[in-house]
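Only the coordinates and a few stated rules stand behind these numbers; no lab work does. Because the structure is a prediction, the values reported are computed rather than measured. We place every Cβ from the backbone using ideal geometry, glycine too, and count neighbours over all the protein chains shown.
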Amino acid sequence: MLLTVARCQMRSILSSVVDVTIQRRWQRTVSGAAALAIVLASTACGSTGQDDSTTPTTPTTPTIVASMSIWADITRNVACDGLANVETIVPLGGDPHSFDASLRDRETMENAELIVANGLLLEESLNDTIEAVESAGTPVIRVAEGLETLGTSTKENQTGNDPHVWFDPIRVAATLPAIAGALADVGFDRAALDDCVDAYTAELIDLDEEVAAIVAELPADRRVLVTNHDSLGYFADRYDFEILGSVIPSSSTLAETNPAELEELAESIEMTGVGAIFVETQHSSSNAQALADRVGDVEVVTLLTGTLDEPGTEGSTYLGWLLQNAQRIVDGLS
Amino acid sequence: MEFLTDPWSWWIEPFSRNEFMRDALLAGILTVVTTSLVGTWVVLRGMSFLGDALAHGVLPGIAIAFIIGVDTSIGALAAAAAMIGGITVIRRHSPLPDDTSIGVLFVGFLALAVVIMSTQRASYTGDLNRFLFGSITGLDSSDLTRQAIAAAIAIAGVVVFYRAFLVMTFDESLARMLGLRPGLAQAALLFLLAISIVASFESVGNLLVFAFLIAPPAAASLIVKRVPMIMVVAIGFGTFATFVGLLVSYHHRSAAGASMALSSVILFFIVLALSVFRRSWADRRSRSKLKQLAQADSSAG
């Protein structure tokens, strides 16, 4: 259509000598408007910095920004009793792989004292913005990068670092001192943070025991996982599951599935008799559903993998969230 | 309605408060200068489909450059050159019309990019997303430098080849007779087109750069007729669309690149509607004037 518009334009340009006076008047108005726009834009450019000091946006409690809801909750527990106001960039239910920041999010991040990100390229679409904010001077801690990480389950690519570390509560506990350290570096009270870390570490150890108890209901030969994307590696590592494969054989939800590998996976599901395929709420499960239909007698179970649940529900805190997922995994497989 | 009731905090404050907003606006304006200068010729010469194809055709080049670790701009330019070469070859050796060869290569290059992506398991898909949709929230100074260079090349190219582009647009054989070397001019125009697409990765992204290549010059050509005026007005329109798009993204948390592209297209339709309205009004006026004259004539006779 644009093509025809363009052609019509050419013709009308070639032939138009009509209406010169009105044309001129139009020219003037429009170039006036254009000039106004440019002036407007350049005044916006010109009024550099001087407002920064006159409009202080210092809230009563300092603001920390976490990339995703799970790390936000964990950070809230490191800065417990409201030491910090923790905001989240990826909204509840959003996919941390694909979420792209808006300009307002960028502002939120720049105004934060500290940014808590997962790292290991989990925040694929957000990464650029995080890096830009970091180079503009806001400190960033990438919590997963200080841990001992696992490769992705896919056989041919062991180089990738699986970013989904929060599925192991012991690894999460290991990140707490680093988060506390980063908070202390930006001016939080070290002693208060240490108390919070001690209390929350104890809770995480209890959580680990509870999850282990839930998983213990499942006989060892049933501890086989098929997932939508490679998200449960750390859960499998911690609680002795085997990962049979995933519909999207990548640690990213943004990758594509491939028919040959899907066929292979279907055969292994049939052979091992796995009862469930686990999918995530924030990503299309149509391929997983098709796989389940093809194999038959396989349930598609939804987990919350990269996000907490709405406030007021069991999965609205990290502790409840992991218990809920563990329960769903065990129920799906038994 | 805050943009009317509280204009200062809606229109100005986001820019006065945040350096990244000013950077984003600057990047947007540099993009607009480049795309408007090149896009004017694209619109006048009816090359929109080629522009669209090129904007997507650079993707496999970006993917390959990314994998082997070369600068993605170089990969993109190489892919654009390959595509233009392919179109030229098909044109020379077949009776097929240009849009067929463009279409075949367009889809071929796009599919190639997706195939290359799918063989890569590492999580770099996010980066490709960035190329498709831009990442104006993650601009750094090297991006601004790249865009400034592209704008400078576009300005220089349009100044140097102005006469050749102009004559070629309206009469190719006349261009040849005048010794303006239309082949060279055509190649230069395609090169400028590739540059403007490659330079816009960061601000609006590859899928959406087209909105800035076509909509502002098309809107400008509806209301002014001289080519330099079309360029100036297009830059004005594009700048305004960038400005509004950034503010919409800021206030409503919408994706920045798409907001800018959308406001550019909406601006085109507003201008189109106004120009249609104006033309029919002018027609009616001249018709009633004719009628008056005719009546005066008949009563006199």
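A simple spin-label model places pseudo-atoms 7 Å from Cα toward Cβ; at A:E267 and B:L184 they are separated by 6.2 nm. Expressed in Å, the radius of gyration and Dmax of the Cα atoms of the protein assembly as shown are 29.3, 110. Shielding value for B:16-29 is 5, the average number of Cβ atoms from other chains within 10 Å of each residue's Cβ.
Which net charge results when you count Lys and Arg as +1 and Asp and Glu as -1 among the other residues whose beta-carbon is under 14 Å from that of B:L293? Spelling it out: positives minus negatives among the neighbours equals +3.
In this structure the amide hydrogen of A:I243, modeled in the peptide plane, comes within under 5 Å of the amide hydrogens of A:L225, none closer than 5 places in sequence on its chain.
Our summary gives the stretch A:209-333 a relative contact order of 25 percent, counting only alpha carbon pairs under 8 angstrom and 6 or more residues apart. Residues whose amide H lies under 5 Å from that of A:E87, counting only those 5 or more places away or on a different chain, are A:I64, A:V65, A:A66; hydrogens are built 1.01 Å from N in the peptide plane. In chain B, the longest principal axis of the Cα atoms and the axis of helix B:19-44 are about 60 degrees apart. Applying D = kT/(6 pi eta Rh) to the stretch A:211-276, where Rh is the Kirkwood radius over alpha-carbon pairs, T corresponds to 4 °C and eta to 1.567 mPa s, the Stokes-Einstein value obtained is 103 µm²/s. 3J(HN,Hα) along the stretch B:209-225: 4, 4, 4, 8, 6, 9, 4, x, x, 4, 4, 5, 5, 6, 10, 10, 10 Hz, from the Karplus curve 6.51 cos²θ - 1.76 cosθ + 1.60 with θ = phi - 60°, whole Hz, x for Gly and Pro.
Note on A:D185 and A:E310: the extension gain reaches 41.8 nm, defined as 0.36 nm multiplied by sequence separation minus the Cα-Cα distance. Using the Cβ atoms and a cut-off under 11 Å, what net charge is assigned to the surroundings of A:Y234, where Lys and Arg are +1 and Asp and Glu are -1? That works out to -3.
Within the stretch A:154-226, the GluC sites (Glu not before Pro) that combine a DSSP coil assignment with at most 13 other C-beta atoms in a 10 angstrom radius are A:E156, A:E217. Near A:V301, the amide H atoms lying under 5 Å from its own belong to A:I277, A:F278, A:V279; only residues 5 or more places off or on other chains count, and H is placed 1.01 Å from N. Springs between alpha-carbon pairs under 10 angstrom, Gaussian network model over chain B: which of B:S36, B:S275, B:S196 fluctuates most? Fluctuation is largest for B:S275.
Put in order of Cβ neighbour count within 10 Å, fewest first, the listed residues A:F241, B:F277 become B:F277, A:F241. Taking the stretch B:27-73, how much of its Cα-Cα pair set, in percent, is spaced more than 12 angstrom apart? Tail of the P(r) past 12 Å holds 69 percent of the pairs.
Cβ crowding within 10 Å ranks B:D143, A:D309 as A:D309, B:D143, fewest other Cβ atoms first. Note on A:T281/A:R222: beta-carbon distance plugged into 1/(1 + (r/R0)^6) with R0 of 25 Å gives a FRET efficiency of 0.55. Panel note: the C-alpha atoms of the stretch A:73-166, placed on their principal axes, show extents of 42, 30, 27 Å (largest first).
Give me the inter-chain shielding for B:134-142: mean count of other chain Cβ atoms within 10 Å, whole number please.
Rounded to a whole number, the mean comes out at 6.
Placing a pseudo-label 7 Å from each Cα along the Cα-to-Cβ vector at A:T61 and B:R226 gives an inter-label distance of 6.4 nm.
Report, in cubic angstrom per residue, the convex hull volume of the C-alpha atoms of the stretch A:209-333.
On the way: hull volume 12.3 nm³, N = 125.
Hull volume normalised by residue count: 98 Å³.
Legend: ranking of residues A:H164, A:H97, B:H93, B:H56 from fewest to most surrounding C-beta atoms inside 10 Å; resulting order B:H93, B:H56, A:H164, A:H97. Just want to confirm a number: the relative contact order over the stretch B:21-300, from Cα pairs under 8 angstrom separated by 6+ residues, in percent. Reported relative contact order: 27 percent.
Would you mind getting the Kirkwood hydrodynamic radius of the stretch B:21-300 from its Cα pairs, rounded to one decimal in Å? Please list the in-between numbers first.
Numbers: mean 1/r = 0.0499 Å⁻¹.
About 20.1 Å for the stretch B:21-300.
Taking one quarter of the surface of the convex hull spanned by the alpha-carbon atoms of the stretch B:44-200 gives a direction-averaged projected area of 10.3 nm².
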